[in-house]
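Below: one structure, written as structure tokens.
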Amino acid sequence: MTADDNEPVTRPPAPGRRDILEAAATAFTRGGYTATTIDDIAREMGATKGRVYHYYRAKADVFLDIVTTGMQELIDGVQPIAGNTGLDPATRLWRMAHHHAGLMMTRNSFQRVAMRAVEMRRLGEAPAQQQALETVVAMRDRYEQLFADVIDEGRQAGVFRDVDSRLATKPLLGALNWISLWYDPQRGDYNTRQRVADEYADFILGGLRRSPR
């Protein structure tokens, strides 16, 4: 369920950065933002911290890059589904929710860190970090709007209940995002992931459908 994103927000990380981000996502997931150090990230990579500092000036910069990368992965996968007007709103919303749920499991470390982005409030006040924070907020708003627009279409078509579409996205995404916190990628397999994604997508769609009179 992926396609080209016509309006990319961020560029994919360069190969050198990608290795660091993969290791850092694992380290942050295991130890949390505050307790994790650059040494921990380097140790996860089997490298020296000089390799990390070659690309990043501070731990906060690594964290923010993980968050923006995780958000971009969500946008890249969901935006083409949302824009596929050949499908009815209910089918699009189901597939959007299913794709989101899948990423919470297959990209667990990245998405788990991204979902903990509230910790960004503890980051420094460096201008580059503040700019990154603004980018994250803009990406989040853009992503939520993809769901809100499809919900609006379904509401206007009489398929969904008469809800505030922006408000409805909050519990919808909250339920999906929570998967990243309880799912154990070491224990799950393909069939488990499909079952979880199916059930969550069904649950979300069922909560928005208009009940027959």
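Per-residue ellipticity at 222 nm, computed for the chain from helices alone with -39500 (n - 2.57) per DSSP H run of at least four residues, works out to -24000 deg cm²/dmol.
Surface composition of the chain: carbon plus sulfur atoms contribute 49% of the solvent-accessible area (1.4 Å probe, protein chains only, all chains present). For the range 58-65, putting each phi into the Karplus relation 6.51 cos²θ - 1.76 cosθ + 1.60 with θ = phi - 60° gives couplings of 8, 4, 4, 5, 5, 4, 5, 5 Hz, in residue order, rounded to whole numbers and with x for Gly and Pro. For the chain, the solvent-accessible area with a 1.4 angstrom probe is 53 square angstrom per residue.
The values are calculated or read from the model by the stated rules, or taken from the named source; none is laboratory data. In this text, all values refer to a predicted model and were calculated from it rather than measured experimentally. Please note that ligands, DNA and RNA were not included when accessible areas were found on the heavy atoms of the full protein model with its side chains. Shrake-Rupley method; radii C 1.70, N 1.55, O 1.52, S 1.80 Å.
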